[in-house]
Amino acid sequence: MTLTAAAPLPPLAARARRVGASPVREILALTARPEVISFAGGLPAPELFDAEGIREAYARVLGERPQRVLQYSTTEGDPALRGAVAARLTARGLATGADDLLVTGGSQQGLALIATALLEPGDVVLVENPTYLAALQCFGFAGARVVPVPTDADGVIPEALEELVLRERPKLLYLIPTFQNPTGRTLPLARRRAVAEVAGRHGLWIAEDDPYGELRFEGVCQPWIAGQDEAADRTVLLGSFSKIMAPGLRLGWLRAPAGLLRACVVAKQAADLHTSTVDQAAAARYLADRDLDEHLARVRTAYRTRRDALLAGLDSALPAGTTWNRPEGGMFVWVRLPDGHDATALLPAAIAHDVAYVPGTPFFAAAPDPAALRLSFTTHTPEEITEGLSRLARVF
Ligand code: PMP
């Protein structure tokens, strides 16, 4: 038998060649050494997880009805869990029934489902500039053309949005209106109304991504865009248990108008049939047996203290002329070094000093600001934050 050279394999799909891995994940790998004080990761504080409550919820559902919770289940999700989420949304002013919701494997899957259900290659998606990196990946996989909307310290500028809508005819606007990732910014009510009005008048979908809204330490809750009359029939609201319970559960939900919800259910069927039955059952049990709001109050108190420790030390740690914001909640502070500084170029020196942050550049869909960086304040104690800042001062 003669050996012939193996024929070359067909190439990866263009979308797989086009979309790269998240540079933030690569930075996180560099900062995994225990001696590093990291302001880089967007992680909730693990010592605040209610591990005991979650363990007991799993024990109960596995003890009481193991055959049920270890079996396949419906794509839409656990009725008790959807009911509990619907009740929480309704209590916060957004009338919601269990049937308006689809349980997802985190809000990240919600983004992927929306992209599958809505986007053709070449469709335009408008995003805040900067915005959440993995959303950019999702829209990239869908072959969408991502167009950034100009923002200021309050988020997207409605007049600029309307101009772009007229010019680009987008199908979808993706927003993180509360304690945005990466900037920590919150869109004020007047702008929420203006955005809803633009979407209503010009005909586009809105994806309102809200993983951080329940982490408010102070100030007044802003109503969801999904609750504004003009946009109620065209807004998908994405929620998550990651920041309020634990991200390892991989549980989130999507609230959408009926037609889009059905399309997302079919897209999810094709992707993974359904989210883990036992995880959903345990989360529903937890919500029934425990007081999530009491837990959240503890998390908010700890995060507020950590935010304050960070804000108190920034002035002496960063070069004169640096600016930053003061978010009323969430996990991030957005910093801008003086002109001429390059946060990406400075990162290796920071890591050499056992301190880390995420440069702002990868979060921009266009025209990155090299002087910007994101600081997360959630995973270290105030003392560690103070020490991390004195290391940063040595770097700068
Ligand atoms: N959206 C935003 C804005 C996020 O910051 C994150 C997590 N960092 C997600 C979605 C995804 O969260 P999850 O899938 O854990 O719910």
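The values are calculated or read from the model by the stated rules, or taken from the named source; none is laboratory data. Please read all numbers here as calculations on a predicted model, not as lab measurements. No Cβ is skipped: glycine too gets one built from the backbone with ideal geometry, and neighbour counts run over all protein chains shown. These accessible areas exclude ligands, DNA and RNA; they are computed on the full protein's heavy atoms, side chains included. Shrake-Rupley method; radii C 1.70, N 1.55, O 1.52, S 1.80 Å.
Screening 120, 128, 64, 76 for residues that are within 16 Å of the ligand (Cβ to nearest atom) and charged (D, E, K, R) leaves exactly one candidate, 128. Exactly one residue among 236, 278 is more than 16 Å from the ligand (Cβ to nearest atom) and among the aliphatic types (A, V, I, L, M), and that residue is 278. Looking only at residues in region 90-105 that are within 16 Å of the ligand (Cβ to nearest atom) and of a type outside the set (Ser, Thr, Tyr), the one that is farthest from residue 261 (Cα to Cα) is 105. Looking across region 241-264, the residues that are charged (D, E, K, R) and near the ligand (Cβ under 9 Å from one of its atoms) come down to 243, 250. Among the criteria (1) in a loop (DSSP other than H, G, I, E, B); (2) under 20 Å from residue 336 (Cα atoms), the one residue 170 does not fulfil is (2). Screening 108, 137 for residues that are out of contact with any strand residue (DSSP E or B) (no Cβ under 8 Å at 6 or more places or on another chain), open to solvent by 20 Å² or more (accessible area, probe 1.4 Å) and either within 16 Å of the ligand (Cβ to nearest atom) or at pLDDT below 95 (or both) leaves exactly one candidate, 137.
For region 282-304, the criterion of being within 16 Å of the ligand (Cβ to nearest atom) and within 16 Å of residue 79 (Cα to Cα) is met by at least one residue. When you check residue 277 against the structure, is it open to solvent by less than 30 Å² (accessible area, probe 1.4 Å), under 18 Å from residue 82 (Cβ atoms) and of a type in the set (Val, Ile, Thr), yes or no? Here the answer is yes, as residue 277 does meet what is asked.
What do you reckon, is residue 192 in contact with a Gly (Cβ under 6 Å, 6 or more places away or on another chain) and away from the ligand (no atom under 15 Å from the Cβ)? For residue 192, the condition - in contact with a Gly (Cβ under 6 Å, 6 or more places away or on another chain) and away from the ligand (no atom under 15 Å from the Cβ) - is not met.
Among residues of region 151-165 that are within 20 Å of residue 326 (Cβ to Cβ), those with a Cβ under 6 angstrom from a residue that is charged (D, E, K, R), sequence gap 6+ or separate chain, pair up as 151/128; 155/185; 156/128.
Screening the candidates 285, 326, 306 for the property of being in contact with a helix residue (DSSP H, G or I) (Cβ under 7 Å, 6 or more places away or on another chain), open to solvent by less than 40 Å² (accessible area, probe 1.4 Å) and of a type in the set (Lys, Arg) yields one hit, 306. Confirm whether residue 224 is aromatic (Phe, Trp, Tyr), modelled with pLDDT of 95 or more and more than 12 Å from the ligand (Cβ to nearest atom). In short, yes.
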